[in-house]
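Below is one structure, written out as structure tokens; comments come after it.
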Amino acid sequence: MPVIKVESLSKVFGKHPERALKLLDENKSKEEILEETGNTVGVNRASFEVEEGEVFVIMGLSGSGKSTLVRLLNRLIEPTEGNVYVEEENLATMDKESLRKIRREKMSMVFQRFALFPHRTVLSNTEFGLEIQGVDKAERREKAEKALELVGLGGYIHQTPGQLSGGMQQRVGLARALTNDPQVLLMDEAFSALDPLIRKEMQDELLDLQETMKKTIIFITHDLDEALRIGDRIALMKDGSIVQIGTPEDILVNPANDYVEKFVEDVDRSKILTAEHIMKRPETVDIDKHGPRVALERMREEGLSSIYVTDRRRTLKGYVSADTASKARNEDVRNISEILNTDVPTVDKDTSLNEIFEQIYDSPVPIAVVEDGKLLGVIVRGAVIGALAGENGVTTENA
Amino acid sequence: MLDFMENVPVIPLAEGVSWLTDRITEIFSFIFEPIQNQFGAFMEWTSGQLASIPPIIVILLVVIGAFFASGKKFGLAAFSLVGLLLIYNQESWEQLMSTFTLVLISSLLCVIIGVPIGILMSKSRIAQAIITPILDFMQTMPAFVYLIPAVAFFSIGMVPGVFASLVFATPPTVRFTNLGIRQVSEELIEASESFGSTGSQKLFKVEMPMAKQTIMAGINQTVMLALSMVVIASMIGAPGLGRDVLSSLQRAEVGTGFVAGLGIVILAIIIDRFTQSLNK
Ligand SMILES: Nc1ncnc2c1ncn2[C@@H]1O[C@H](COP(=O)(O)OP(=O)(O)OP(=O)(O)O)[C@@H](O)[C@H]1O
Ligand SMILES: [Mg+2]
């Protein structure tokens, strides 16, 4: 069951939203509608579902409607049309009191410019959510301190936000959101105001926290790198509409249209693609069944200068090169284990292209991709270079 | 060019206002009279209490207060000491206490009335559209004019003085409260709402604290206006330093007029610095 389910959700800013909606039905563009009616389409019939524990990223250029969409999810902005279900309850139609309850108990928001209360200390900022629920002082203090501890700010509780750096302020923002222990975290460009190094640190930290918290996170960003780093799935927005939803790989490999493709174009592929994307099906010989002769034969067939050796359950044992194999044949060695070279370069399937690139140049043989000791595939130099050059199809070929 | 106007009779605007004032006086006399009596008595009592404290104690309290309020600096404290001693020396102490009572009570009422109106204005565009021109009107009308209905409603003395001060001095508090709340950043409002604040939680936990500095600046102006109303209010019998100024004006006594005026200036400076330092 999805935690959040959005159905055909729209927001039109202006005096005559009905007219704009009608024009949307006629497939008029956002610009045309603005010209004809003076209304701005903020979000145009967005539909999606977010599963429990998922990090769902909403990405798009400036003005594409990301902030509007995320504010429709907790109804900071009133929807013009459509439904938002939070665990079966329709937020779009509920009364003020129930809405407040949802905001207090189920969803918290983290803001781009932190939105900390400057007249309150770090601790009292963090307590805010519990304070307005009327939780007693000792309890909310304890929970707030725990949340601050979690984001590494245990020592700063009596400072005011103005005394902290941007990164630390946003940690307070995060702690404030976590103190309520909500199921859903809404993060509107939460890291965009931070400089790149701090930003990356915060992304890592969020992912670390997520490992244990397992919150459902809606994360807004205009930065594809960020989206790919932290998103389990990504929704791409353009002019208020969602143009594609998919896993990071989906988006990169099968961009739905030109807009997505443009977005994806300048991503540094070396950071995104991993060993899994560029490995090939390995040619192997079986350590128990085969001898040097079979190995040589295979290598000649496939045009290889070495071949990997596994057991029957594909556990990687090592490799033999053509040289040693032919020497062994001449000396009439029967068993392949006698000539096995066990000094194997390995990576796991999530290793990034960058790291593979460094390793593969020192390696006399293709790199083995292993998981739990089993050989999944091999990576040859050409594939790495091809992928770095943005060659299409590298990924699908082996998928 | 305006020939055609010759045929239009004079609109009886003045008569209309007089008529209206009379009616109001008549209809609401059951409110006005007790206010005049009870409230008048209360103010007499307050200023009597103040005047009955030995001046030296008042002066010491003010000086000590000034020292701490100004962040342990000696300037304001020294000024208060010298200024108040001078007023005492000029035998104007009792008048000072009357004036201070008038200012204090007027200002308090201005704040009690002005802040809620300012809040209302900040919350409702319609309220803002209606109230803004009224405030403009209240502030541009010459202050003397308010004395007339004040006398009609409350006869003479301190009470009509307070009434005239209210009309004249409330607008800055209203304006600045409205401004202060409207200036609170959108993101902070969103933050408080996103955690499920009710309207009043948002007001008292976020908007008012954030607007505090601005509101205090408005209150400071209100207090200053109330003080400036004191001289004018003496024309309708409000006691205090203002009355000395007025009587010396009537008798063309430059010297006494100056002394009483100086007393008002000293009081003004002390009050101004005090309210400003509260803002830090
Ligand atoms: N309160 C509003 N009134 C009118 N139009 C609005 C309002 N808020 C947003 N819009 C319009 O709705 C569209 C979407 O805006 P939104 O702020 O959601 O974009 P965004 O994707 O968050 O952009 P950014 O990356 O700049 O934050 C824009 O065309 C914007 O001008
Ligand atoms: Mg935005």
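The values are calculated or read from the model by the stated rules, or taken from the named source; none is laboratory data. Nothing here was measured: the structure is a model prediction, and the numbers come from that model. With ideal geometry, Cβ positions are generated from the backbone for all residues, glycine too; neighbour counts draw on all protein chains shown. Note: areas computed on protein heavy atoms with side chains; ligands, DNA, RNA excluded. Shrake-Rupley method; radii C 1.70, N 1.55, O 1.52, S 1.80 Å.
Step by step: first the residues of the stretch A:346-372, then only those that are exposed (fewer than 13 other Cβ atoms within 10 Å of the Cβ) and farther than 15 Å from A:Glu276 by Cα, then the one that is modelled with the highest pLDDT. Which residue is that? Here the answer is A:Pro364.
Between A:Asp204, A:Asp195, A:Asp232, which is touching a strand residue (DSSP E or B) at 6+ places or on another chain (Cβ under 6 Å), more than 16 Å from ligand 2 (Cβ to nearest atom) and of a type in the set (Asp, Glu)?
Details: A:Asp204 fails: touching a strand residue (DSSP E or B) at 6+ places or on another chain (Cβ under 6 Å); A:Asp195 fails: touching a strand residue (DSSP E or B) at 6+ places or on another chain (Cβ under 6 Å).
The match here is A:Asp232.
In the stretch A:151-167, the residues that are closer than 17 Å to A:Leu194 by Cβ and in a loop (DSSP other than H, G, I, E, B) form Cβ pairs under 6 Å with partners that are open to solvent by less than 50 Å² (accessible area, probe 1.4 Å) and not polar (S, T, N, Q), at six or more places apart or across chains, as follows: A:Val151/A:Arg171; A:Val151/A:Leu174; A:Val151/A:Ala175; A:Leu153/A:Arg171. Total residues in the stretch A:41-76 satisfying the condition of being within 11 Å of ligand 1 (Cβ to nearest atom) and open to solvent by less than 30 Å² (accessible area, probe 1.4 Å): the figure is 15. Taken over the stretch A:193-218, residues that are buried (at least 22 other Cβ atoms within 10 Å of the Cβ) and either within 14 Å of another protein chain (Cβ to nearest Cβ) or within 13 Å of ligand 1 (Cβ to nearest atom) (or both) amount to 1.
One residue is enough: does the stretch B:81-97 have a residue meeting the conditions part of a helix (DSSP H, G or I), over 22 Å from the mean Cα position of the chain (by Cα), more than 17 Å from B:Leu241 (Cα to Cα) and of a type in the set (A, V, I, L, M)? So far as the stretch B:81-97 goes, yes, one or more of its residues are part of a helix (DSSP H, G or I), over 22 Å from the mean Cα position of the chain (by Cα), more than 17 Å from B:Leu241 (Cα to Cα) and of a type in the set (A, V, I, L, M).
Which residue is nearest to ligand 1 (Cβ to nearest atom), if the candidates are limited to the stretch A:219-236 and must be in a strand (DSSP E or B) and open to solvent by less than 10 Å² (accessible area, probe 1.4 Å)? Can you show your working first?
So the first thing to find is which residues in the stretch A:219-236 are in a strand (DSSP E or B), and the list is A:219-221, A:233-236.
Going one step further and asking which of them are open to solvent by less than 10 Å² (accessible area, probe 1.4 Å), we end up with A:219-221, A:234-236.
Details: A:Phe219: 13, A:Ile220: 7, A:Thr221: 9, A:Ile234: 14, A:Ala235: 12, A:Leu236: 11 Å.
That would be A:Ile220.
Please verify whether A:Ala190 is within 16 Å of ligand 2 (Cβ to nearest atom), touching a residue at least 60 places away in the same chain (Cβ under 8 Å) and buried (at least 18 other Cβ atoms within 10 Å of the Cβ), treating the condition exactly as stated. When the stated conditions are applied, A:Ala190 passes them.
Go through (1) more than 16 Å from ligand 2 (Cβ to nearest atom); (2) more than 14 Å from chain B (Cβ to nearest Cβ); (3) over 20 Å from the mean Cα position of the chain (by Cα); (4) surrounded by fewer than 18 Cβ atoms within 10 Å (Cβ to Cβ) for A:Thr37 and report which single condition fails. So A:Thr37 meets the others, but not (4).
Checking the conditions here, which among A:Gln183, A:Gln159, A:Gln163, A:Gln112 is open to solvent by 40 Å² or more (accessible area, probe 1.4 Å) and within 12 Å of another protein chain (Cβ to nearest Cβ)?
Numbers: A:Gln183 fails: within 12 Å of another protein chain (Cβ to nearest Cβ); A:Gln159 fails: within 12 Å of another protein chain (Cβ to nearest Cβ); A:Gln163 fails: within 12 Å of another protein chain (Cβ to nearest Cβ).
So the residue among A:Gln183, A:Gln159, A:Gln163, A:Gln112 that is open to solvent by 40 Å² or more (accessible area, probe 1.4 Å) and within 12 Å of another protein chain (Cβ to nearest Cβ) is A:Gln112.
Looking at the stretch B:153-173, can you tell me whether even one residue there is hydrophobic (A, V, I, L, M, F, W, C), touching a residue at least 40 places away in the same chain (Cβ under 8 Å) and within 14 Å of chain A (Cβ to nearest Cβ)? Among the residues of the stretch B:153-173, not one is hydrophobic (A, V, I, L, M, F, W, C), touching a residue at least 40 places away in the same chain (Cβ under 8 Å) and within 14 Å of chain A (Cβ to nearest Cβ), which makes the answer no. Per the conditions (1) farther than 24 Å from A:Lys214 by Cβ; (2) away from chain B (no Cβ under 12 Å); (3) touching a residue at least 40 places away in the same chain (Cβ under 8 Å), the sole criterion not satisfied by A:Asp95 is (3). Against the criterion of being at pLDDT below 95 and among the charged types (D, E, K, R), B:Glu207 does not qualify.
Of all the residues in the stretch A:13-40, those that are more than 11 Å from ligand 1 (Cβ to nearest atom), under 21 Å from A:Arg75 (Cβ atoms) and of a type in the set (Gly, Ala, Ser) number 1.
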